[in-house]
């Protein structure tokens, strides 16, 4: 608002870490993960551990084993209100957690969507404290040894303990909100219990004066979830400063040196030095050691520690043999007998480096292979010349370059801004996308351009008459995608039942000639040049609707989740059809079958089902089966109450103990399809088997409601 006039502008916001200038996804929000065509919806995590944004599977009953075994992973996300799909690669996948690395795509001058994506399953195993206040001063929540720690930050006055400050923990520490299974729960669901004061120190160095332990209980849907916490004072630290120098007196300047606490193997610090080799830090009580250095102790006062480390400063320029560009990859020094404590590489336009190393012989390792050798005898200049070629070009996704002479030597390239580059030693390499070999290249020193630009290929499965096969009718069809007569990809077309699942298939392809094979026979061909393609596949099956009619020409409908079974007379192959709960239509069954003659084999409610058959000819969309059966149906109540769905109903010929059919009631209802004759209907109750009705079928269907008592 300015001068009485209102101005508006739409802005895009993104969530980033407080200590980071950039968000790892550059504003991308992930919506779902796709594993071999199966969609898993995601939701952003409400708690933010250590500044890393994460996700949860929206469905609490998600089965991560399918993701573990999946060959093709994709992420679907939204960026600036536009939806994108990117390829991804699994890193970790277990019963409770999945992490994948997504590809990036270029948006203006940003590489969007790259980086690790962390996804948790909802497990009922833990809740997170999301909001709290303390009335007695600043308190922060940190992970502890065996429980989580609330830490009182102000220094205590001499002679005082936390017990003097927090007289009533329940009143002085207020928990306002928790996150459980990615849902917020407010303070009316949260309670602090079992508060106990401990006179003994909490920290191993015994610099504190006691602590509180207590439990926090979160009640969700009547179920109590209890976790252990402590309230402790901030651990005492002391100022430690000094200067680090090399063996020959040079400052170990502008470096990061590892400092370890000897009493705790997991306690390590990275100490930064300035241009004079000086450092400052705060340390707890204990004994410490710089890498390759001598031990020193921090007691109960500030410490000045100067030390000469047994290393030398080496510098130099990095180049590639035969290169026409200054591009070089990063590298490191490796040696079995000697150590490098710090390396800073590729500085300035001339690719200079400096490092602090012990005397000795070092292999210069770059791109997972040795590229040079350096013999260090003291501080000085040691130039590095790499025997590596640069291969680059257009591309998207991940590429693997495999040495044809030793397939254990393989090198990955990841595309950024729709281009990739990889450094390789001279030789012959297979180029692979996933497990498919898409090219073979000869690499020599210098630079080489090879484009592997990817395009989208999508399509539907059609029956032999050109009718689209519904996605829930797929029967785990295996389709090999051949590129230039080599297997490029394997598609597994499993049934898809979720209404949000996309039918058909979609994957990325290179330019080339493709053929789709199913059971060794071609179901489609295509040529990819320089654009996305749509290719439907004609499967050797016919999608048909089967109408089975009773003797009164009424449609025989099957109960939800009941099985209708067919057999191919020529091959003896068995096919099943299940009616979904919410499915209805002008058919008894719908199914995808090869052409041929079929015998009806089994349907629980129809004893004579085996007397009927049909033919699938490849052109007709509907098959009609006329039968000589009539319907017996009705409801069943026991003592006026509808029977449960686990109660069994049986059909017998009158006077014959042989069962013709049996199954459980469906919402208190039953039905049989029988030929004319006399029948008995029996019901199994807790008190035993009872004859519920005698029914005679002549030339019409019969409705008979069963009223039973126990």
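The values are calculated or read from the model by the stated rules, or taken from the named source; none is laboratory data. The model shown is predicted, which means the values in this text are computed figures rather than measured ones. All Cβ positions, even for glycine, are placed from backbone atoms using ideal geometry, and neighbour counts span all protein chains on display.
Things worth noting here:
- Restricted to the stretch 5-76, the set of strands (runs of 3 or more DSSP E) holding at least 1 residues that are buried (at least 17 other Cβ atoms within 10 Å of the Cβ), modelled with pLDDT under 80 and not assigned by the TED database to the domain that holds residue 417 is empty.
- Boolean, residue 641 is surrounded by fewer than 17 Cβ atoms within 10 Å (Cβ to Cβ), over 20 Å from residue 495 (Cα atoms) and in the same structural domain as residue 690 (by the TED database): yes
- Whichever residue in the stretch 520-535 is loosely packed, with under 15 Cβ neighbours inside 10 Å and in contact with a strand residue (DSSP E or B) (Cβ under 8 Å, 6 or more places away or on another chain) and, among such residues, is nearest to residue 609 (Cα to Cα): 522
- Of the residues making up the stretch 423-444, those that are assigned to a loop (DSSP other than H, G, I, E, B), surrounded by fewer than 17 Cβ atoms within 10 Å (Cβ to Cβ) and more than 28 Å from the chain's Cα centre (by Cα) are 426, 444.
- Meets criteria (surrounded by 13 or more Cβ atoms within 10 Å (Cβ to Cβ) and either assigned to a loop (DSSP other than H, G, I, E, B) or modelled with pLDDT under 95 (or both)) for residue 561: no
- Search result, residues across the stretch 350-372 that are part of a strand (DSSP E or B) and closer than 22 Å to residue 292 by Cβ: 353, 354, 355, 356, 357, 360, 361, 362, 363, 364, 365
- Those residues of the stretch 237-252 which are part of a loop (DSSP other than H, G, I, E, B) and surrounded by fewer than 18 Cβ atoms within 10 Å (Cβ to Cβ), in sequence order: 247, 248, 249, 250
- Pairs where the first residue, in the stretch 160-171, is without any contact (Cβ under 8 Å) to a residue 24 or more places away in the chain and in the same structural domain as residue 150 (by the TED database) and the second is crowded, with 18+ Cβ neighbours inside 10 Å and assigned to a helix (DSSP H, G or I), C-beta under 8 Å, 6+ apart: none
- For the stretch 81-99, taking the residues that are touching a helix residue (DSSP H, G or I) at 6+ places or on another chain (Cβ under 9 Å) and crowded, with 18+ Cβ neighbours inside 10 Å, the one that is modelled with the lowest pLDDT is identified as 93.
- Filtered by the rule that a residue be surrounded by fewer than 15 Cβ atoms within 10 Å (Cβ to Cβ) and closer than 30 Å to residue 262 by Cα, the stretch 214-234 gives a lone residue, 228.
- Verdict on residue 456 being closer than 25 Å to residue 410 by Cα, surrounded by fewer than 17 Cβ atoms within 10 Å (Cβ to Cβ) and touching a residue at least 12 places away in the same chain (Cβ under 8 Å): no
- Filtered residues of the stretch 100-124 (kept if at negative phi, modelled with pLDDT under 80 and surrounded by fewer than 16 Cβ atoms within 10 Å (Cβ to Cβ)): 106, 109
- Of all residues in the stretch 178-213, those that are under 40 Å from the mean Cα position of the chain (by Cα) and surrounded by fewer than 15 Cβ atoms within 10 Å (Cβ to Cβ) total 8.
- Enumerated strands (runs of 3 or more DSSP E) restricted to the stretch 383-422, each holding at least 2 residues that are under 21 Å from residue 325 (Cα atoms) and touching a strand residue (DSSP E or B) at 6+ places or on another chain (Cβ under 8 Å): 384-386, 389-394, 410-414
- Among the residues making up the stretch 395-443, those that are touching a residue at least 60 places away in the same chain (Cβ under 8 Å) and under 24 Å from residue 319 (Cα atoms) are 414, 415, 416, 421, 423.
- Looking across 619, 608, one residue alone is in contact with a strand residue (DSSP E or B) (Cβ under 9 Å, 6 or more places away or on another chain), in the same structural domain as residue 554 (by the TED database), farther than 24 Å from residue 709 by Cβ and at pLDDT below 90. It is 619.
- Among strands (runs of 3 or more DSSP E) entirely within the stretch 466-514, having at least 2 residues that are farther than 24 Å from residue 453 by Cβ and touching a residue at least 40 places away in the same chain (Cβ under 8 Å) singles out 477-483, 486-493.
- Among the residues listed as 471, 489, 496, the single one being outside the structural domain of residue 430 (by the TED database), surrounded by 19 or more Cβ atoms within 10 Å (Cβ to Cβ) and touching a helix residue (DSSP H, G or I) at 6+ places or on another chain (Cβ under 9 Å): 496
- Residue match in the stretch 628-638 (condition: within 28 Å of residue 595 (Cβ to Cβ) and either in a loop (DSSP other than H, G, I, E, B) or touching a helix residue (DSSP H, G or I) at 6+ places or on another chain (Cβ under 8 Å) (or both)): yes
- Only listed residue being in a strand (DSSP E or B), assigned by the TED database to the domain that holds residue 140 and in contact with a strand residue (DSSP E or B) (Cβ under 9 Å, 6 or more places away or on another chain), chosen from 260, 228: 228
- Being touching a helix residue (DSSP H, G or I) at 6+ places or on another chain (Cβ under 9 Å) and closer than 15 Å to residue 634 by Cα is a property that holds for residue 673.
- Taking strands (runs of 3 or more DSSP E) as the structural unit, those lying wholly within the stretch 583-626 and holding at least 1 residues that are touching a helix residue (DSSP H, G or I) at 6+ places or on another chain (Cβ under 9 Å) and surrounded by 14 or more Cβ atoms within 10 Å (Cβ to Cβ) correspond to 589-593, 596-603.
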